[in-house]
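Asks: Below is one structure. I have some questions about it.
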Amino acid sequence: MTDNDPCAEPWTKGEGTAALTRFYYDALKRKCLAFNYFGSKGNQNNFLTREACETTCPTWVNPCAIGQPILDADSRPLRCHQGALCSTGFVPHRPLLFKEASIINFRYYCHVGFDESTTACCPSQGDPCSLIVKEGRGNQGIQRWFYNQKTRQCQPFTYKGMGGNENNFLLREHCESTCPVWVNACPQGEAYLLPTGRPQQCDPRNENSCPLTHWCHPGKLFLSLKA
């Protein structure tokens, strides 16, 4: 017999006249399912119990919008929490698992789902403040916060539980501490922005506190406004 990965083999009923209850691993559904085995000519994707199947093969939900989550040494998604660094573990690649060297060229973030089963380190899609809001997929209704680039404000939305992106914050405070939130006080045009995306503060008593293209608006917080 060949020593193949049982989780990668297609299931087969085999041959014979027996009707034995066995379990096989469905790689697409990531579930262990029951079937009737005829008694012979089967393969290694054939388990006596559901527990034996689930111990051998990765029975978990992929909550990521793109790619696969980082896996731990037990071939299950690495658990995390929002703000945690996702940098160690394994990533699935065909039927094999490669260690950290495989994720060097990718950045991962902690996707926080409805519960532990959908919380995992997923491939990043970019700067959270630049991504459009994505309600995702699933049947959950979770209140989250996203950053609206047009209004430069953090707003609530309902997240379905999986398939979202990094513009998805548990709390308004998390969103506002990550993205440049401010109100444009300019009568026309835009305030002068720093490389951080936030408006430059200025002093109306100091004519050099703004670039030549802008003037200082004496509001609650002095901003450099376009001339």
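Asks: It is to be established whether one or more residues within the range 11-34 are assigned to a helix (DSSP H, G or I) and not charged (D, E, K, R).
Replies: Step one: of the range 11-34, the residues assigned to a helix (DSSP H, G or I) are none.
There is no residue in the range 11-34 that is assigned to a helix (DSSP H, G or I) and not charged (D, E, K, R).
Asks: Turning to a different aspect of this structure: For the range 148-175, give me each residue that is assigned to a loop (DSSP other than H, G, I, E, B) and surrounded by 17 or more Cβ atoms within 10 Å (Cβ to Cβ). Talk me through it step by step, then tell me what you get.
Replies: Residues of the range 148-175 assigned to a loop (DSSP other than H, G, I, E, B): 149-152, 160-161, 163-168, 170-171.
Correct list: R152, K160, G161, G163, G164, N165, E166, N167, N168.
Asks: Would you pick out the residues in the range 117-138 that are touching a residue at least 40 places away in the same chain (Cβ under 8 Å), part of a loop (DSSP other than H, G, I, E, B) and not hydroxyl-bearing (S, T, Y)? Reasoning before the result, please.
Replies: Of all residues in the range 117-138, those touching a residue at least 40 places away in the same chain (Cβ under 8 Å) come to 117-126, 128-129, 134, 136.
With the extra rule that they be part of a loop (DSSP other than H, G, I, E, B), the set shrinks to 119, 124-126, 134, 136.
Scanning the range 117-138 gives Q125, G126, K134, G136.
Asks: Looking only at the range 176-227, count how many residues are of a type in the set (D, E, K, R) and either part of a helix (DSSP H, G or I) or at pLDDT below 75 (or both).
Replies: Going through the range 176-227 one residue at a time, the tally reaches 4.
Asks: In the range 139-172, what residues are in contact with a strand residue (DSSP E or B) (Cβ under 9 Å, 6 or more places away or on another chain), free of Cβ contacts under 8 Å to residues at least 24 places away in the same chain and not small (G, A, S)?
Replies: Scanning the range 139-172 gives Q143, N148, Q155, P156, T158.
Each row is one residue, and each column tells you yes or no for (1) surrounded by 15 or more Cβ atoms within 10 Å (Cβ to Cβ); (2) closer than 15 Å to C122 by Cβ.
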{"position": "Q44", "(1), (2)": "yes, no"}
{"position": "L48", "(1), (2)": "no, no"}
{"position": "E54", "(1), (2)": "yes, no"}
{"position": "T59", "(1), (2)": "yes, no"}
{"position": "C64", "(1), (2)": "yes, yes"}
{"position": "I70", "(1), (2)": "yes, yes"}
{"position": "A73", "(1), (2)": "no, no"}
{"position": "L78", "(1), (2)": "yes, yes"}
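Asks: Any chance the range 29-44 includes a residue that's touching a strand residue (DSSP E or B) at 6+ places or on another chain (Cβ under 8 Å) and touching a residue at least 60 places away in the same chain (Cβ under 8 Å)?
Replies: no
Asks: Also, I was wondering about something else. Which of (1) surrounded by fewer than 17 Cβ atoms within 10 Å (Cβ to Cβ); (2) of a type outside the set (A, V, I, L, M); (3) at positive phi does G14 not meet, given it meets every other one?
Replies: All conditions are met except number (1).
Asks: Would you point out the residue of the range 159-175, among those that are of a type in the set (D, E, K, R) and over 10 Å from the mean Cα position of the chain (by Cα), that is modelled with the highest pLDDT? Give the steps one after another, and end with the answer.
Replies: Within the range 159-175, the subset of a type in the set (D, E, K, R) is 160, 166, 172-173.
Those still in the list that are over 10 Å from the mean Cα position of the chain (by Cα) too: 160, 172-173.
Numbers: K160: 98, R172: 95, E173: 94.
Only one residue fits best here, namely K160.
The values are calculated or read from the model by the stated rules, or taken from the named source; none is laboratory data. Small disclaimer: the values here were computed from a predicted structure and weren't measured. Cβ coordinates were reconstructed from backbone atoms using ideal geometry, including for glycine residues, and neighbour counts include every protein chain displayed.
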